[in-house]
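Read the structure below first, then the notes.
What follows draws every value from the coordinates through simple rules; no lab data is involved. Only a predicted model underlies this, so the values are computations on that prediction, with no experimental measurement involved. Cβ placement follows ideal geometry from the backbone for every residue including glycine, while neighbour counts extend to all protein chains displayed.
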């Protein structure tokens with residue numbers, strides 16, 4: 001009888017250890033995917049770009065260069081690999097009296113019936129912004145301007161390592 005009790009105790013301890021180990025593994029793997037912008041540190045090898053006309057500044061790696069594409073788009077590209085680029089597009093807000101969630105619902109972009117189930121809410125310079133989880137694009141509205149920070153330009157998406165992309169996004173600040 002005592003031997004049978006010991007077997008059940010051992011089985012119980014093994015089950016508890018498996019559950020605890022599984023929980024730790026789950027927590028570590030999911031917490032890596034949900035890295036906060038606040039925990040990313042910007043390297044000292046970054047330079048600051050300011051655009052007072054469009055009302056923002058952002059830091060980017062020293063090995064990158066800037067080009068202006070019209071009045072409302074700035075492109076940051078890796079000098080060593082020009083296909084690695086991040087674009088910032090600014091346009092007049094189409095729905096001037098709406099917050100970012102109301103904008104997403106009214107604009108029907110991306111084509112989804114439920115923007116709240118699609119976008120991930122993040123913060124950019126203290127303002128609620130929306131992250132597109134599929135193409136690593138961040139949408140933020142301030143005043144009468146809509147800012148889209150793209151990982152890649154046009155049809156080429158996710159061309160920059162996502163950790164570096166979000167390090168750069170984390171440095172985005174509104175000025176004026």
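Here are some notes:
- Projecting label points 7 angstrom from Cα along Cα→Cβ for residue 173 and residue 50 puts them 0.9 nm apart.
- Near-label residues of the range 46-63 by backbone N, under 13 Å of a point 7 Å along Cα→Cβ of residue 161: 61
- FRET efficiency for the residue 68 to residue 125 pair, using the beta carbon distance and R₀ = 25 Å, is estimated at 0.70.
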